[in-house]
Amino acid sequence: MTTFVDRVELHVAAGNGGHGCASVHREKFKPLGGPDGGNGGRGGDVVLVVDQSVTTLLDYHHSPHRKATNGKPGEGGNRSGKDGQDLILPVPDGTVVLDGAGNVLADLVGHGTSYVAAQGGRGGLGNAALSSARRKAPGFALLGVPGDLQDIVLELKTVADVALVGYPSAGKSSLISVLSAAKPKIADYPFTTLVPNLGVVTAGSTVYTVADVPGLIPGASQGRGLGLEFLRHVERCSVLVHVLDTATLESDRDPLSDLDIIEEELRSYGGLDDRPRIVVLNKVDVPDGKDLAEMVRPDLQARGYRVFEVSAVAHIGLKELSFALADLVGQARAAKPLEEATRIVIRPKAVDDTGFTVVREDDGMFRVRGEKPERWVRQTDFSNDEAVGYLADRLNRLGVEEELMKAGARGGDGVAIGPEENAVVFDWEPSVMAGAEMLGRRGEDHRFEAPRPAAQRRRDRQAERDEADQAYEGFDPFD
């Protein structure tokens, strides 16, 4: 059963915004008390947050579909809908977020670091928020905006100072078990270690972490064996330690050839040439191992490597090795630039930036793309003529009609707002009120200009009485 997962594909969906409410205040003797529809609530975000207690992506491997809650719709009486709850997804320290094309979206390092993977949709405005001096009682409200849908990839890159690399059964797990308090599985067969192991080492006043990277064999950088799955865990390490087996039972292997092969795999993977190297000749407690270590040591030193002869079983040479690693880790930390506080950068838009584009396509269709026009279209209830007229007003004020004319659009031409797979298409007519003319001129409400029904009925009854009185005048019952 899988217990360690360091790469998953995650499908996240933010919450949808709640719809606004179209409501009119009703009270005795106030047949038109004014609009009182509340706004819809905001949809919840999907947020990735680094949690030090999480060490694997296993939970997301078993349940890759995650969704935040939707915002509640607004209600009458100026009651706004409740915002959707954000969905917090804890991830291990060192998680890299990528899109489907492999582009890095975020590199999450450090406890509490967060990234919004999917943005919740904004709630629609109720008719109370849409009212103005010209539009006193809108008979419509805006719909909520759908939340983002994202397919992302999470990759875990172990955050450690030192990486132990080498052939399977070279003694990496044994070495990390005696240098730290880690308790990895240890056996005498290849590929015993199937997941990276982490251990914390204290050498004097320096505390650093050591990672055991399993599965490196010839061809690992091209996907052979398990090496490609775990080479990414080497990327964040400051120091690389080659653990070479001096007591191997395989006749075609020796420490120098093992070193050359592992170095070639690291070089093929790329990005690790600047890391300092240390060579550890392990298993020198075995007589043949001690002899072989003494034979290859001059060659390794001639290549510029610092060489340490150790035995994880007999606890030989461990103290010198741990202090040497602490010294290299200290140098790497000192050379690392100081982290500056996050600066808020404000990038105002250019004055001439309209925020949308109008492009004429090959089939003669004019396509409008932009954050505002596309959002406004999604918020419009096309079954309500007044809402459609309000959309036409907004697009006209934004300058869409003017840009369509500049692009060569004529009355009756097809116009699409939005991407090809989800667009609103209509036949464009310049300066047309898009159906709102049935309600009167744009921005006006004929309901306030019409007499109230009760008053009209009183006037009608009075007119009938007046007419009867006029008919009665001059009438002589004795004629």
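The values are calculated or read from the model by the stated rules, or taken from the named source; none is laboratory data. Since this is a predicted model, take the numbers as computed values, not measurements. Positions of Cβ are backbone-derived with ideal geometry, glycine not excepted, and every protein chain shown enters the neighbour counts. Only protein heavy atoms, including side chains, enter the accessible area calculation; ligands, DNA and RNA are left aside. Shrake-Rupley method; radii C 1.70, N 1.55, O 1.52, S 1.80 Å.
Worth pointing out:
- Taking the Kirkwood radius as Rh and the Cα radius of gyration as Rg, the stretch 365-408 has a ratio of Rg/Rh equal to 0.98.
- Extension gain, Arg397-Asp51: 0.36 nm per intervening residue step, less the Cα-Cα distance, totals 119.9 nm.
- The residues of the stretch 58-139 present an accessible area of 53 Å² per residue when probed at 1.4 Å with all protein chains retained.
- With all protein chains modelled, accessible area of Ile261 [1.4 Å, Å²]: 50 Å²
- Fully extending the segment from Gln301 to Phe323 would add 6.0 nm, taking 0.36 nm per residue of separation and subtracting the current Cα-Cα distance.
- Cross-link pairs exceeding 31 Å between alpha carbons, from the set Lys30/Lys72; Lys172/Lys336; Lys67/Lys172; Lys136/Lys372; Lys82/Lys136: Lys67/Lys172.
- Per residue accessible area of the stretch 233-330, 1.4 Å probe, in Å²: 46 Å²
- In terms of overall dimensions, the stretch 78-123 has a Cα radius of gyration and Dmax of 14.6, 46 angstrom.
- Spin-label proximity, Ser205 to the stretch 303-339 - amide N less than 19 Å from point 7 Å beyond Cα toward beta carbon: 322-336
- Bins of 10 Å, starting at 0 and running to the largest distance - Cα pair percent for the stretch 62-193: 10, 23, 20, 19, 12, 7, 6, 3, 0
- Positive contributions from Lys and Arg (+1) and negative ones from Asp and Glu (-1), summed over other residues with Cβ under 10 Å from the Cβ of Pro90, come out at -2.
- Here the translational diffusion coefficient of the stretch 240-295 follows from Stokes-Einstein with Rh set to the Kirkwood radius across Cα pairs; for 25 °C and 0.890 mPa s it amounts to 202 µm²/s.
- Arg465/Ile346 FRET efficiency (R0 60 Å; Cβ-Cβ; nearest 0.05): 0.25
- Solvent accessible area, Å² - Tyr390, 1.4 Å probe, full protein context: 30 Å²
- The eigenvalues of the Cα gyration tensor, multiplied by 5 and square-rooted, give the stretch 1-149 an equivalent ellipsoid with semi-axes of 43, 13, 11 Å from largest to smallest.
- Approximate spin-label separation Lys372-Leu32, in nm, with each point projected 7 Å along Cα-to-Cβ: 3.1 nm
- The Cβ shell under 13 Å around Thr202 holds other residues with a net charge of 0, Lys and Arg each +1, Asp and Glu each -1.
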